[in-house]
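K.L.:
Please find one structure pasted underneath; my questions will follow.
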Amino acid sequence: MPSNFVHRRSFLQRSACGFGSLALTDLLLRRPLFAREPTEEKPLQPKPTHIKPKAKRIIFLYMKGGPSQMDLFDYKPALVQGHDKPLPYKLPSLEETVGLDDTKLMGPIHGFSHRGDSGLYMSKLLPELGKHADEMCVLRAVQCDSPNHGVAERQLHTGNLFDVTPSMGSWISYGLGTENQQLPSYITILPGEGERNYSSCFLPAIHQGTAIQEVGMTPGRAPIRHLKDTAVAEDVQRKRVDLIKALNREQLVRLESDQQMEGVIESFELAFRMQTETPKLVNLSNETQATKNLYGIDQTDTNQFGRQCLLARRFAEAGVRFIQVTLNGWDHHNKIREGLPKMSRQCDKPVAGLLTDLKQRGLLDDTLVLWGGEFGRTPHAQFGDGREHNPHGFTMWMAGGGVKGGIAHGQTDDFGYHAVSGDVHINDLHATLLHLLGVDHERLTFEHHGRPFRLTDVAGNVVSDILI
Amino acid sequence: MNVATCLIVVFVSILATAAEPSEKKVNELAKQKFFESKVLPLLKSKCYSCHSHDAKQAKGGLVLDSSEGWKKGGGLGPAIVAGDPDNSAVIQAVRYNGLEMPPGEQLEDSEIQILVQWIASGAFDNRETLSTQPAEGALWALKPISNPQPPKVNMEKWLFDSVDSFILAKLEQNDLVPAIPADKYAWLRRVTFDLTGLAPTPTEISDFVADSSESAFISVVDRLLDSPGFGDHWARHWFDLSCYADVQNNTLIGDTWRYRDYVIKAFNDDKPFNRFIHEQIAGDLMPFDSVEQKRELMIATGYLSIGPWVIENYIKPQLAADIVDHQIDRIGRTFLGQTISCARCHDHKFDPIPTRDYYALAGIFHSSLTTKHTGPGVWSSIIEHELPALPIDDEKQSARQRRQKDLELELEQLRAEMHKWYRTFPDSTDANVLISSQGMAPNSENVKYELSFDVGPTVWAAAEQATRKGDSILIELIDAAGEVAKRIETFPHQWAAEKENPSLTKNVSSYVGNGKGMLTMRITSGNPGNKRFAGSIDNIEIRSGDEVYVQEDFDEPVDAPLRGKQAHTGLLVLAQVNYDNWKGLGINHSHAVEISPGNLAIQIFSGSRTIFKELEGDTEEATARLAKAITTATRIKQLKIELNNLAADKQPEYAMSMTDIPQPLDVNIYRRGDFNLLGEQVPRGVLGLTNREQRLVVPTNQSGRLQLAQWLTADANTLTSRVLVNRIWHHLFGRGLVSTVDYFGVHGQRPSHPDLLDFISTRFRVDNQWSVKQTIRQLVLSNTYRMSSMGNEENTRRDPDNILLWRMNRRRLSAESIRDAMLQISGTLDTARGGSSLGLELEGNIRGAGGDVNPPTWGGKIAQYVKNRRTVYQPLRRHPPSGDLEILPVFNFPHPNDITGARPQTTVATQALFLMNAPFVKAQATNLNLRIHQKSGNDESARLQLLYLLVTGRPPSESEAELSLRFLDSLAMRDNNGIVNPVFRRNAWEQLCHGLLVSNNFLFKE
């Protein structure tokens, strides 16, 4: 373990942003208010688990757009053979489609090879990641229920297709609390548009994902929205906060105590502290050059995603419960021969670097890394040189905390279109993630609109075959 | 302890148990889930055919369709021993150990295991409560609405409205003392925000405080109910329930605003609410007297058309099923307080709503059209219908033509006048023209700004404005010291005048801040010697990352709104710049040139020193000339707007609206909600749970929407009016009499004042004839509403959560009220109302039109004429808003896909960050400071009074005044040379404005 490890970790754990008490009051008016709300003193305090956890935290590498499974992880000889031949299967009759007139099969765009002792088949587009084949647990038959980005994305993040419900990070934060009271329990790094996907929704607001919108590529830009007032000198800002507090106190003296108003007063003090402390969290300057190189931060292609992944490791190290890292650009409806290699280059080294780094710090044992998009793609071509969305059977993979390495679970048909065995529905995926964290998905519930809600709704089975 | 207190304690403690989901309850829920999802289906599919009441003869006397059944058992004794599977006859039988059940085909091991696990864990069985006879009292809301007499009270002089009797009676029963009345300032602010969503103005405050008569209260309420702000505010409550948004996903739908305006008008006209419901659900099926009414009825059904549809779903039957589901859900929650949607896949778990009833309703909506597959690609769109044209008789027609001619003539004359005026200015060699619509903020060290602008082609306007090769445009960023921090000179790509073939070229440049404070921008002719023409600029934008500091489209003159085409010469543009280091009023002669249909570039022509002098008003004559010019310019704009409107009148108009399909149909049950698994067919109809006697008869040639609407508002319906008046109560008192405002079912909260709820429901329906305004008027004039929000130690101890309303609840302003009132207080609220808010005429605001895969999307630019309007008139997307509208989600504005009767109210540090640092709030503080300085001259005490009246609705207390002045004095007054700088004092006032504007004094209604 590098000597500065403890130092850095304790720095991050100490940095006094007080996120742990970010949500000062949370009066959900739609919940019964007759009785005094049980105001938890520390809503993010670590909570006991239902079963013994295998992983303490999750890093979710979200590949937005839907990466092509048959070009990256799901090697299909029949598809190689069938390249440019008419479809051996029928397209679903109820679906309105576009760009699929006279569509033909399209073989993988790049070569595959066996990697690691386990000999997992992987595309040569992912040379660095291949070095970790023996740690990877590849799910080849994941399924979701919608072929539309927005809906599938919502299902992946919240378990739910249509209703407005909390995201899995929020559920996990709600169920488990977090190890570090000074940081948010749930952080999402460069999420782009899609606030719904990290929303706490009807869960208390403290479980909302905190969006990091800057990873140190634009000097001076704040990592969190509205963090700074750069036009006003800091001492004036301090005086202004004191003024606000004094005005609020004055009012309280007049009115008598009021829990909600006191919460507001406290929130200004916290916000002011966040202004000074938060930028330190995303400052990578005390990482060694070797570490930065490991993530590809020295190269243009991988600079941004490398920084995202390195931050993810720092947050994992500091005890954040759920960390999401988004890489957008996998939606290859056309020109996949250009687009996919480009995305693979951006992705390969940073992800491999993350696995290496977690491992060398002893963090991979209790950190679960999950990689995947909202769906996969079709074996047949769209617009001649692209692939259409495919929710029927696609690939995600996990590594680390509690899952078997070097295995592939589940199978798609000969062309990689539909799951045929070992299928893992999104609800199953969520049930499994919660299980690894020690949570019984059927018992993690929250009352809303007169009934208990859960991440897996009324479904979900733990995929026990992949567990250590 | 007396009886009343004892009751309260019991009451409160029961509820406390309900609010806190205990470990035990969580376990119960898990067991319930297991039973319902695993055990029950098994029993139903494998055992019921022989062992249920429905079976012709229960075999062996054993029935398994209730817990009573298995407890009693058959001829062989109890069938199940809870907790002991091995000794349960049922388990022995399914293991084929002795008995062999079910006969013929043994259960799978996994199925047997389910039964074993169930019995081992105690054989949870809640089927009594699953049946259609819920526990006595649970479904209070299904009992007929009574018309109780106001109860007798001791303190009769406290009563004003009958409502007060119900409230006071409970208080007296429980030894609680009602709070004293709020002071007049607090009451006025409360009622003004509650009725209009805005703050009272200083004049309104002083008028009310000066009027000591009792009728003062009544006239305030009547004034507020009559003001257009009432509809703006109460329509927004309705949109929280109706999933209104202006943009469908990100694709474009231009006509939602008609429904929005319809709702606002309905509230302002006090349309009887039963009529309002009928129109929204079935307007297209209702009779009409005039074209105007027909249009209104069509537009009203936008209520059902507009929603969070996944129109790109390429499995269209799924799309249809999801839309119908949402429509049912919306109607169920909004009007009935029921979660009907639960019955899509299975009978409702605890409310008496069987799946049959769901599909009876589904038939109604499947018989109505909402969307159709129109392309491009997989996309559907919401169906729009052309609105019948408003009748124009010949007389009107010719009047219009005359009007048009008159306007055109006047326009021509005024233009000539303006041209003449321009020419009176001598050309100057060092003219500057400034354009900056707002301050460019905070320029801290190392912050990188990106400046981008489109340079337009030039088109001749007049001979003397020909462009020469080498002419350029110069944009300079000026720092606080007045130094040029960055200079960008642009030689347009296509400088030559090509009227036939105009195009734009984009220029992007970056600047890294030096930490020296605010920046302003200056645009000048790049060639100082140029007497002619500087060039043209279309869009300018300065941003740092996502933060946009300056954005100017020039699609309209910057000083006043003007929509539509302006491809004419002779337009006057006034640009005002108000920053400390670059004061002045600039004027420039410019031409708006159409560079693509509907979009304009402004050509900046040289201004001159003379003009600046003139504008600074050095001479009386100059001042008068300028005033005349401004009047003329303003008139020109009005003329053009009117001309545009006249032209637009002839265009066909569309609205999203519903129609029935030609042959309405009944649908089959979708088993487990899956449209591929059809069950039995169900005739179209309504729920059986209320007004059962009024069975719905749907004519075969109609969808049934009209009958549904009438059923909702029938006297026998025990839910609709209760739910609606409870919503009104919720908005006025901060919590409904039933606190679960969207849910009146078995697991909902019971009313705190059941008699009162019935009394108001009856009064609303019968006496007030469904008048919302009358109902609100009665409630806000009550003494209950007039109580102060002050605490009282004894009362707090007895009823800490104020369930019985012994004082007013203190409430935070809603997100939109925070935004709207900030604009109002700072003097920048634009009171224009109605019409489309999407600014589709702006360049780039329609993106991707003509594609064959995706429909056009909305570019998200908010037009100047919309920007400062009230929130209800802002374009609402189903994505997180950006820019100034970012404030909305920060303060719990509901997501437009969600049905939100009661918004959650959270306090988090991100709100404080927003209030301290967001450009929107800072800009309002700046504007507010300007406003109070303009109004108060040098009198600081008067200024402070005004500031407090504006922001808090009352004068400052002595200690507040002292605190405020102390704050001002604490900030530096002198520059580095020790000289007192008045600008510093002014800046200190800005900080005070900011502080007060984000304090609880502003944020809360007392």
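K.L.:
Considering region A:80-124 alone, what residues qualify as being within 14 Å of chain B (Cβ to nearest Cβ), in contact with a strand residue (DSSP E or B) (Cβ under 7 Å, 6 or more places away or on another chain), part of a loop (DSSP other than H, G, I, E, B) and of a type in the set (Asp, Glu)?
P.N.:
A:GLU96
K.L.:
I need the full set of residues from region A:219-233 which are more than 7 Å from every other protein chain (Cβ to nearest Cβ) and either touching a helix residue (DSSP H, G or I) at 6+ places or on another chain (Cβ under 9 Å) or under 21 Å from B:VAL951 (Cβ atoms) (or both), in order please.
P.N.:
A:ALA222, A:PRO223, A:ILE224, A:ARG225, A:VAL232, listed by residue number.
K.L.:
Continuing with this model, one more query. Specify the residue that is modelled with the lowest pLDDT; the eligible residues are those in region A:418-451 that are of a type in the set (Val, Ile, Thr) and either farther than 30 Å from A:MET70 by Cα or surrounded by fewer than 21 Cβ atoms within 10 Å (Cβ to Cβ) (or both).
P.N.:
Among those that are of a type in the set (Val, Ile, Thr) and either farther than 30 Å from A:MET70 by Cα or surrounded by fewer than 21 Cβ atoms within 10 Å (Cβ to Cβ) (or both), it is A:THR445.
K.L.:
Still on this model: Any chance you could count how many residues in region B:950-983 are surrounded by 13 or more Cβ atoms within 10 Å (Cβ to Cβ) and either aliphatic (A, V, I, L, M) or in a loop (DSSP other than H, G, I, E, B) (or both)?
P.N.:
Of the residues in that region, 15 qualify.
Yes/no matrix, rows are residues, columns are (1) out of contact with any Ser or Thr (no Cβ under 8 Å at 6 or more places or on another chain); (2) modelled with pLDDT under 95; (3) at the interface with another protein chain (Cβ under 10 Å from one of its Cβ atoms):
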{"position": "B:ASN927", "(1), (2), (3)": "no, yes, no"}
{"position": "B:PRO956", "(1), (2), (3)": "no, no, yes"}
{"position": "B:ASN977", "(1), (2), (3)": "yes, yes, no"}
{"position": "B:LEU1003", "(1), (2), (3)": "yes, no, yes"}
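K.L.:
Do you know which residues across region A:239-257 are surrounded by fewer than 17 Cβ atoms within 10 Å (Cβ to Cβ) and either of a type in the set (D, E, K, R) or at the interface with chain B (Cβ under 7 Å from one of its Cβ atoms) (or both)?
P.N.:
A:ASP242, A:ARG249, A:ARG254, A:GLU256
K.L.:
While we're on this one: What about B:ARG986, is it modelled with pLDDT under 95, of a type outside the set (Gly, Ala, Ser) and buried (at least 18 other Cβ atoms within 10 Å of the Cβ)?
P.N.:
In short, no.
K.L.:
With respect to the numbered conditions (1) at negative phi; (2) assigned to a helix (DSSP H, G or I); (3) of a type outside the set (Phe, Trp, Tyr); (4) modelled with pLDDT under 85, which one is the sole condition not fulfilled by B:GLU111?
P.N.:
(4)
K.L.:
Is it the case that B:PRO889 is in contact with an Asp or Glu (Cβ under 8 Å, 6 or more places away or on another chain) and part of a loop (DSSP other than H, G, I, E, B)? Before the answer, list the steps.
P.N.:
Values: in contact with an Asp or Glu (Cβ under 8 Å, 6 or more places away or on another chain): yes; part of a loop (DSSP other than H, G, I, E, B): no.
Spelling it out, it is not the case that B:PRO889 is in contact with an Asp or Glu (Cβ under 8 Å, 6 or more places away or on another chain) and part of a loop (DSSP other than H, G, I, E, B).
Yes or no, residue by residue, for (1) closer than 30 Å to A:LEU105 by Cβ; (2) touching a residue at least 12 places away in the same chain (Cβ under 8 Å); (3) in a helix (DSSP H, G or I):
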position	(1), (2), (3)
A:ALA290	no, no, yes
A:ILE297	no, yes, no
A:GLN304	no, yes, yes
A:ARG313	no, yes, yes
A:ILE323	no, yes, no
A:HIS332	yes, yes, no
A:ARG337	yes, yes, yes
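K.L.:
Determine if region B:870-884 includes at least one residue that is part of a helix (DSSP H, G or I), basic (Lys, Arg) and more than 10 Å from chain A (Cβ to nearest Cβ).
P.N.:
no
K.L.:
So in region B:843-883, with the set limited to residues that are charged (D, E, K, R) and within 14 Å of the chain's Cα centre (by Cα), which one is modelled with the lowest pLDDT?
P.N.:
In this case the residue turns out to be B:ARG878.
K.L.:
I need the full set of residues from region A:190-212 which are surrounded by 19 or more Cβ atoms within 10 Å (Cβ to Cβ) and part of a loop (DSSP other than H, G, I, E, B), in order please.
P.N.:
Correct list: A:LEU190, A:PRO191, A:GLY194, A:SER199, A:SER200, A:CYS201, A:PHE202, A:LEU203, A:PRO204, A:GLN208, A:GLY209.
K.L.:
Then there's this: Within region B:305-328, which residues are within 9 Å of chain A (Cβ to nearest Cβ) and either farther than 17 Å from B:TYR244 by Cα or part of a helix (DSSP H, G or I) (or both)?
P.N.:
Once the filter is applied, which keeps residues that are within 9 Å of chain A (Cβ to nearest Cβ) and either farther than 17 Å from B:TYR244 by Cα or part of a helix (DSSP H, G or I) (or both), region B:305-328 yields B:GLU312, B:ASN313, B:TYR314, B:ILE315, B:LYS316, B:PRO317, B:GLN318, B:ASP322, B:ASP325, B:HIS326.
K.L.:
From the list A:GLY169, A:GLY216, A:GLY175, exactly one residue is more than 11 Å from chain B (Cβ to nearest Cβ) and touching a Gly at 6+ places or on another chain (Cβ under 6 Å). Which is it?
P.N.:
Going through A:GLY169, A:GLY216, A:GLY175 in turn, the sole match is A:GLY169.
K.L.:
Take the conditions assigned to a helix (DSSP H, G or I) and surrounded by fewer than 22 Cβ atoms within 10 Å (Cβ to Cβ) and apply them to B:GLN280. Does it pass?
P.N.:
No; evaluated as a whole, the condition is false for this residue.
K.L.:
Next question, about the same structure. Where in region B:725-822 are there helices (runs of 4 or more DSSP H), lying wholly inside it, with at least 1 residues that are within 11 Å of chain A (Cβ to nearest Cβ)?
P.N.:
It comes to B:793-798.
K.L.:
In region B:831-862, how many are touching a residue at least 40 places away in the same chain (Cβ under 8 Å) and either within 27 Å of B:ASP898 (Cα to Cα) or of a type in the set (D, E, K, R) (or both)?
P.N.:
17
K.L.:
Quick one: A:VAL236 ticks every box in (1) buried (at least 19 other Cβ atoms within 10 Å of the Cβ); (2) among the aliphatic types (A, V, I, L, M); (3) facing chain B (nearest Cβ under 7 Å) except a single one, so which number is it?
P.N.:
Failed condition: (1).
K.L.:
Also, I was wondering about something else. For B:SER381, indicate whether it is small (Gly, Ala, Ser), surrounded by fewer than 15 Cβ atoms within 10 Å (Cβ to Cβ) and modelled with pLDDT of 80 or more.
P.N.:
In short, no.
The values are calculated or read from the model by the stated rules, or taken from the named source; none is laboratory data. The shown structure was predicted, so the numbers you read here are calculated from the model rather than taken from an experiment. FYI the Cβ positions are ideal-geometry reconstructions off the backbone, even for glycines, and counts take in every protein chain you see.
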